[in-house]
Each structure stands twice: as structure tokens, then as C-alpha cells.
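S.K.: I have a structure here, written as C-alpha cells, and I will follow up with some questions on it.
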Amino acid sequence: MKDKVLMKGNEALAEAAIRGGCRYYFGYPITPQNEVPAYMSKRLPEVGGVFIQAESETASINMVYGACASGARAMTSSSSPGISLMQEGISYIAGSEVPAVIINVMRGGPGLGNISPSQADYLQSVKGGGHGDYNVIIFAPSTVQELADYAYDSFDVAFKYRNPVMILADGVLGQISEGVILPEFKEIKDAPEWALGKGKERNIIRSLFLNPEDRLTTHNIHLQEKYRRIEKEIQYFEEYKCEDAEYLIVAYGTTSRICKSAIDNMRNNGIKIGLFRPISLWPFPYAKLKENAASKETLFVVEMAYNQLEQDVRIGVEGAAPIERLNKLGGSVFNEEEIVDFISNSITLKGNKYVG
Amino acid sequence: MRKNVVVINKERCKSCSLCIPECSRGIIKISPEINKMGYHPIYIEDMSKCIGCTLCAIICPDSVIEVYREED
């Protein structure tokens with residue numbers, strides 16, 4: 001059996017990424033993901049990799065663009081304001097079909113906001129904050145173990161589809177220390193045929209299509225066909241005590257863990273409630289959510305943001321069940337009692353009127 | 001029969017007991033459990049007897065009690 005070690009989320013993520021084949025890291029420090037570049041700067045030279053602290057987030061994403069275009073396994077990480085700066089680069093990477101891994105450890109916004117955990121980047125990340133018709137594959141882990149596992153696998157997914165992959169964590173996951181079983185070192189494959197400097201023909205990586213022969217329309221149709229294929233193949237989610245549930249919570253990431261203890265608590269009081277947690281936020285598991293929502297009395301969307309995850313839930317549920325929201329804004333985290341109180345009150349007070 | 005709901009904010013209750021003689025049905029009792037402030041909060045013994053008169057909510061000095069009457 002492999003050894004279980006106690007590691008901070010950010011460090012476990014960095015180590016797992018290296019074991020998953022990452023040899024190039026470009027980044028710029030920002031709380032709460034500082035441990036990623038710190039760990040990378042020490043660890044990458046040991047495994048023959050390269051660490052560069054770029055002069056800005058814009059520079060780091062473009063360094064990743066360059067490195068990945070030559071077939072290298074490169075990644076960058078940042079937190080909300082930094083990811084905003086990277087959006088242009090992410091659009092270029094998606095447009096020129098280059099695989100890259102981007103880590104977003106979300107913090108409170110808007111603007112510089114604060115440094116505490118939040119989920120307010122959902123729409124920016126999932127719906128594509130940059131320009132053009134593109135999608136980024138998004139994974140939202142909820143434990144340090146998952147954070148490590150998805151960081152480990154993300155390079156394979158990115159190279160399989162030639163598409164950027166983003167891991168959407170939040171300040172809690174980045175900073176929390178938990179037991180984690182790290183995966184084995186992956187053998188690094190040679191750069192693929194399409195990469196710069198590979199193959200017999202001269203490869204060109206670009207997102208500019210001006211000539212009438214290579215119409216941008218054709219390129220876009222090709223991208224959309226690829227996205228439809230990804231939607232079919234990637235549908236990750238978790239169901240918790242859903243079998244006999246009358247009510248359903250929808251939450252992801254850190255919030256889903258708090259919801260799990262709230263669910264256990266409420267089940268002790270006789271409320272039959274379950275949790276649906278989307279793990280791949282794009283492609284969102286709409287069909288599975290609808291299946292789960294169909295027979296439920298009410299759906300509760302719990303998120304550390306306002307009406308972001310809820311928009312996707314509404315698309316998925318298609319009016320099959322009424323939806324209520326519980327939000328926490330400005331980089332603060334739910335506690336179990338809040339969720340229990342909100343949901344039990346909302347269930348018991350249904351059809352009653354406040355009189356005094 | 002009406003199904004009324006009384007929401008008690010247990011953490012805010014300081015166990016002053018003003019609501020107990022005020023309740024026309026005598027169903028409010030002091031709970032043996034202890035809240036975060038160290039007081040014994042109130043609880044409703046038999047909810048089916050509640051007529052939703054809101055006297056407890058009116059007398060409560062700390063707005064611990066909220067009464068919800070079933071809509072007709």
C-alpha cells in the first residue's frame with residue numbers, strides 16, 4: 001500500500017502535477033495559491049524541470065502557451081484577479097488548440113477583493129471569460145486527495161483533446177492540510193506530432209485565420225465538434241444519499257463537504273435529503289442532474305457566490321423542481337448550522353405565513 | 001386543524017422565562033440543553049396545541065421567537 005502523507009492542498013497539487021508529467025511552471029505569486037510556485041521552485045529543478053517566476057500573470061499564461069505549443073507539459077496557477085488577467089491567453093490557447101493546465105484557487109472578489117475562499121469565479125471559468133466561442137474543461141475537486149488526483153490526470157486530458165484544462169479550487173482547499181496518497185511518477189511521453197519542431201512537415205500553431213482558404217468558420221465548426229465530443233466523454237459527478245431523498249442540495253467544491261455534514265445532521269432529524277455534486281463543471285452533467293431532480297420536492301443550490309452555479313442548475317433541471325438558493329458572499333465560508341437552519345426552516349415553513 | 005410553526009432562535013435565548021406564563025396554552029417549556037451562551041433555551045412541548053396567537057413573540061425581549069401561521 002502506498003503511504004499516506006499529510007500535505008497542504010497547494011503542495012499536494014504541485015507534487016501531483018509533477019508526478020503527472022509537469023516539467024515547466026510559469027507563474028506569479030498571489031494568495032491563496034502561493035505554496036504552488038514556492039513548492040515548484042524547489043521541486044522542479046530536482047526532477048529536471050524549469051521554474052520561472054514571470055513578471056505578471058499575462059506573461060505566465062503566454063509562457064505556458066509557448067511551452068505547450070512545443071509539446072511540453074507546462075502549467076500555471078493563480079487566484080481570481082490573476083486568472084482575470086490570463087483570460088486573453090486562455091482564449092488564444094483554446095483557439096490554437098494547445099493543451100495547457102491552469103489552476104484557479106478562488107478568492108473573494110470583485111476587484112482585489114480579499115484573500116479568503118470564494119466560489120465567485122464560476123461563471124468566468126466555466127462560461128469562458130475570454131473572447132470567442134471556446135470552452136475550457138473544468139474540474140472542481142472537494143478534498144486534497146481529489147485536488148491531487150485531478151492535477152495528476154489533467155495533463156492527459158489536456159493532451160488527449162488538445163484543450164486547456166482548469167482546476168477550480170478555492171482558498172480552503174488550497175490552504176487545508178489533509179492526508180493524501182500521492183500517485184506514482186508518470187512516464188513522460190515525447191512531444192506529439194502536431195507540436196512545434198516535431199513531425200516531417202513544418203507545424204504551425206496559430207489562432208489567426210485570415211486567408212480565405214482556411215476560413216475561421218471551418219475552424220470554429222471543428223472546435224465545436226470537439227467540444228460536443230468532450231461533452232459526451234467527460235461527465236463527472238458525485239451523488240450522496242440520493243436514493244431515497246425527497247430534497248436535494250446542489251453544491252460543488254468546499255461547500256459540498258459542509259453540505260455533506262449538514263445532510264447527515266438533517267437526516268438524524270428525519271429530513272430525507274441528498275447531495276448532487278458536479279465535478280466536471282464544463283461539461284456540466286446536466287442529464288444526470290435532471291434525472292436526480294425529477295422526483296424531488298425542492299432543490300437547494302448552496303454556493304459561496306450569487307446565482308452562478310444556480311444558472312447551470314436551472315438549465316439542467318428545466319423546471320422539473322422548484323429551486324431555492326443559499327448564498328454566502330465576499331469570501332466567507334458556510335458553517336453547518338447555517339445550512340441546516342436554512343433548509344429545515346424552509347421545509348417546515350412551507351405554506352405558513354409570518355405573523356409575529 | 002391549523003399547522004402553525006414557531007421558529008426559536010435557541011442561540012439568542014437567555015432563559016428569562018417571560019414567555020412561559022404568557023402562553024395561553026401553556027406549552028412553552030425550558031429545555032435541558034445548553035446553548036452557546038450557557039443558558040437553557042425554551043422549546044415547545046406540544047406543537048399541535050399552538051393556536052398561533054403570537055403572544056410569546058410579542059413579549060420576548062430578545063426577538064427569539066417567530067410565529068408562522070398556516071395560510072388559508
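Values in this text are rule-based calculations from the coordinates and carry no lab data. The model shown is predicted, which means the values in this text are computed figures rather than measured ones. Because the Cβ atoms are built from the backbone with ideal geometry, glycine has one as well, and the counts that use them run over all protein chains shown.
S.K.: For the cross-link pairs A:Lys160/A:Lys226; A:Lys353/B:Lys3; A:Lys42/A:Lys189; A:Lys42/A:Lys186, which exceed 18 Å when the distance is taken from alpha carbon to alpha carbon?
M.R.: Long pairs (Cα-Cα over 18 Å): A:Lys42/A:Lys189; A:Lys42/A:Lys186.
S.K.: Quick one: A:Leu208, A:Leu281, A:Leu173, fewest Cβ neighbours within 10 Å first, how do they rank?
M.R.: A:Leu208, A:Leu281, A:Leu173
S.K.: For A:Lys260, list the lysines whose Cα falls under 24 Å from its own Cα; do not include residues on the same chain fewer than 8 positions away.
M.R.: A:Lys4, A:Lys8, A:Lys241, A:Lys272, A:Lys288, A:Lys290, A:Lys296, A:Lys328, A:Lys350, B:Lys10, B:Lys36
S.K.: Right, here's the next one. Which peptide among A:137-147, A:118-128 comes first, and what is the full order, when sorted by highest mean count of other Cβ atoms within 10 Å?
M.R.: So the peptides A:137-147, A:118-128, ranked by packing, come out A:137-147, A:118-128.
S.K.: Right, here's the next one. What is the log10 of I(q)/I(0) for the range A:122-273, computed with the Debye formula using one identical point scatterer on each Cα and no solvent, at q = 0.13 Å⁻¹?
M.R.: -0.83
S.K.: Here's another thing I want to ask about it. Run the helix sum for the protein assembly as shown: -39,500 (n - 2.57) per DSSP H stretch of 4+ residues, divided by residue count, reported at 222 nm to the nearest 500 deg cm²/dmol.
M.R.: So the calculated ellipticity at 222 nm is -10500 deg cm²/dmol.
S.K.: Further, regarding this structure: Rounded to the nearest 20 debye, what is the charge dipole size of the range A:4-233 about its Cα centre when +1 sits on each Lys and Arg Cβ and -1 on each Asp and Glu Cβ?
M.R.: 300 debye
S.K.: While we're looking at this one, here's another question. Shielding of A:347-354 by partners, i.e. mean partner chain Cβ atoms within 10 Å per residue?
M.R.: 6
S.K.: Under the definition of partner shielding as Cβ atoms of other protein chains within 10 Å of a residue Cβ, what is the mean value for peptide A:305-317?
M.R.: Per residue, the number of nearby Cβ atoms from other chains is 0 on average.
S.K.: From the Cα gyration tensor of chain A, with a ≥ b ≥ c the square roots of its eigenvalues, which class applies: rounded if a/c is under 1.5, or else prolate if a/b is larger than b/c, or else oblate?
M.R.: Cα axes put chain A in the prolate bin.
S.K.: Restricting to chain A, what percent of DSSP beta bridges are antiparallel, rounded to 5?
M.R.: Close to 25 percent.
S.K.: If I fit a long axis through the Cα atoms of helix A:80-95 and take the longest principal axis of the Cα atoms of chain A, what angle between them do I get, 0 to 90°, rounded to 10?
M.R.: Approximately 60 degrees, to the nearest 10.
S.K.: If one takes the longest principal axis of the Cα atoms in chain A, at what angle in degrees, from 0 to 90 and to the nearest 10, does the Cα axis of helix A:336-348 lie?
M.R.: 50 degrees
S.K.: Right, here's the next one. Calculate, for B:Ile20 and B:Ser63, the FRET efficiency according to 1/(1 + (r/R0)^6) with r their C-beta to C-beta distance and R0 22 Å; round to the nearest 0.05.
M.R.: Efficiency computed from Cβ-Cβ geometry: 0.85.
S.K.: Separation of the range A:243-289 and the range A:120-197 by C-alpha centroid, Å?
M.R.: 23 Å
S.K.: While we're looking at this one, here's another question. Summarise the partner chain shielding of B:51-64 as one whole number: the mean count of Cβ atoms from other chains within 10 Å of each residue's Cβ.
M.R.: Across the residues of B:51-64, the mean count of other-chain Cβ atoms within 10 Å is 1.
S.K.: Continuing with the same structure: Where the only charges are on Cβ atoms (+1 Lys, Arg; -1 Asp, Glu), what is the dipole of the protein assembly as shown about its Cα centre, to the nearest 20 debye?
M.R.: Rounded to the nearest 20 debye, it is 60 debye.
S.K.: Report the relative contact order of chain A, percent, no decimals, based on alpha-carbon pairs under 8 angstrom and at least 6 residues apart.
M.R.: 18 percent
S.K.: Give me the angle, in degrees from 0 to 90, between the Cα long axis of helix A:144-161 and the longest principal axis of the Cα atoms of chain A, rounded to the nearest 10.
M.R.: 50 degrees
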